[in-house]
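Chemist: Sharing a structure with you now.
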Amino acid sequence: MLKPDKPAAPQLNALRAFEAAARLGGFRAAAHELSVTPGAIAQHVKALEAWAGAPLFERLSQGVRLTSLGARVAGDFSLAFDQLGHAINGLRAGAEPREIRIAVLPSIAQLWLSPRLPAVRASLAQTTISIIALDTPPNLLREPFDLSLFFVADETRGHNFDLCRDRIFPVCAPALANRLRDPADLRNCRFLHDTHFTDDWPDWLASAAPGLGLDTTGARFSLYSLALQEAQNGAGVLMGHEPLVRAALDDGSLVAPFAERVEVKRSLKLATPAPARAGTAVAVLIEYLRAAAGERSDSDKS
């Protein structure tokens, strides 16, 4: 007896493309998250619309907008993919893999995490630590990372720990610091900027020198570590982030010429997809990083 043809279900990739585009507000953002091209997202969505027999997005000159049907069902798909992500994370955690995958902001990876990795490796000799540098925090329910480290102003999705607050203040080489007695002396300095942190100088000046009207235009660097190296070379003044410049301050290669330190509305945050089970490699790593951050925070308060 011939088996009857069953109705075809939509492809999982098409559903994933629709959900990402609906959640993120466009095909380009969805393509970035799913590591495909915007054209691929468009084709997946078109295939899903053909299967459904109705449009899910309106195509506009400036992008796309959900139709009433798309808006009505998008939340259900987001919940479904969140649950799928939760199940995948549970599977990985239960298997206790010997590799920990960490997503981290490049500056944090180079200046905060890297100096701590030798001690981590000594504590987790049977575990491989893989570091993936990203400019923005990943969605831990959707992306295959065990842990993330970023400066964030609000909670990321997942289980979170604030390691330390971010305090900002100008730093420079000692020879340059000798010429700086007051924020007004900065008028004669070159300014160094990291492209990730765009509001540092306005935030610090608003607190330390309101009304000064300082033009902080200067050299820009895509990596904070490069800007920091240039500051150590005497090229100019950089806005320091305490967790990132602490080692340079301790060894004397950088100096903070002014006393004013401004606590901004973000912290160095550690996040995991779900609470780590006691005794696992991820749990050991978390406790080490929390202790390392706490030791510095406690010494700063004394």
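The values are calculated or read from the model by the stated rules, or taken from the named source; none is laboratory data. For clarity, every value in this text was computed on a predicted model and none was experimentally measured. Counting neighbours? That spans all protein chains shown, and the Cβs are built from the backbone with ideal geometry, glycine included.
Chemist: When the residues of the range 116-170 are narrowed to those that are touching a Lys or Arg at 6+ places or on another chain (Cβ under 7 Å) and of a type in the set (Gly, Ala, Ser), which ends up nearest to Leu268 (Cα to Cα)?
Modeler: Restricting to residues being touching a Lys or Arg at 6+ places or on another chain (Cβ under 7 Å) and of a type in the set (Gly, Ala, Ser), the top hit is Ala153.
Chemist: Could you list, in sequence order, all residues of the range 108-146 that are among the acidic types (Asp, Glu) and either more than 22 Å from Ala93 (Cα to Cα) or in contact with a strand residue (DSSP E or B) (Cβ under 7 Å, 6 or more places away or on another chain) (or both)? Break it down stepwise before answering.
Modeler: As a first pass, look at the range 108-146 and keep what is among the acidic types (Asp, Glu): 135, 143, 146.
Selection gives Asp135, Asp146.
Chemist: List every residue pair whose Cβ atoms sit under 8 Å apart, with the two residues 6 or more apart in sequence or on different chains, where the first one lies in the range 106-119 and is in the same structural domain as Arg246 (by TED's automatic domain parsing) and of a type in the set (Phe, Trp, Tyr) and the second, anywhere, is modelled with pLDDT of 90 or more and not in a helix (DSSP H, G or I).
Modeler: Listed by first residue and then by second, the contacts come to Trp112/Leu149; Trp112/Leu268.
Chemist: Which one is surrounded by the fewest Cβ atoms within 10 Å (Cβ to Cβ) among residues in the range 29-42 that are among the β-branched types (Val, Ile, Thr) and not in a helix (DSSP H, G or I)?
Modeler: Kept after step one, since they are among the β-branched types (Val, Ile, Thr), are these residues of the range 29-42: 36-37, 41.
Imposing the further condition that a residue be not in a helix (DSSP H, G or I) reduces the set to 36-37.
Values: Val36: 18, Thr37: 13.
So the residue we want is Thr37.
Chemist: Considering only the range 43-119, give the strands (runs of 3 or more DSSP E) lying wholly within it that have at least 3 residues that are farther than 30 Å from Leu244 by Cα. Spell out how you get there, then give the answer.
Modeler: Values: elements: 57-60, 63-66, 99-104.
Where strands (runs of 3 or more DSSP E) fall fully within the range 43-119 and carry at least 3 residues being farther than 30 Å from Leu244 by Cα, they are 57-60, 63-66.
Chemist: Residues of the range 1-27 being of a type in the set (Lys, Arg) and modelled with pLDDT under 95, which ones? Full working, then the answer.
Modeler: Residues of the range 1-27 of a type in the set (Lys, Arg): 3, 6, 16, 23.
Result: Lys3, Lys6.
Chemist: Which residues, counting only those in the range 120-132, are surrounded by fewer than 18 Cβ atoms within 10 Å (Cβ to Cβ) and in a helix (DSSP H, G or I)? So that I can check it myself, show each step before the final result.
Modeler: Pass one, the range 120-132, residues surrounded by fewer than 18 Cβ atoms within 10 Å (Cβ to Cβ): 121-126, 128-132.
Hits for the range 120-132 are Arg121, Ala122, Ser123.
Chemist: While we're on this one: Report, by residue number, each residue of the range 51-86 that is farther than 21 Å from Gln11 by Cβ and among the acidic types (Asp, Glu).
Modeler: Glu58
Chemist: I'd like the full set of residues that are farther than 26 Å from Phe150 by Cβ and aliphatic (A, V, I, L, M), limited to the range 242-263. Steps first, answer last, please.
Modeler: Restricting attention to the range 242-263, the residues satisfying the condition of being farther than 26 Å from Phe150 by Cβ are 252, 255, 257-259.
Result: Val255, Ala259.
Chemist: For the range 226-249, name all the residues that are surrounded by fewer than 16 Cβ atoms within 10 Å (Cβ to Cβ) and either touching a helix residue (DSSP H, G or I) at 6+ places or on another chain (Cβ under 7 Å) or closer than 15 Å to Phe169 by Cα (or both).
Modeler: Gly234, Ala247, Leu249
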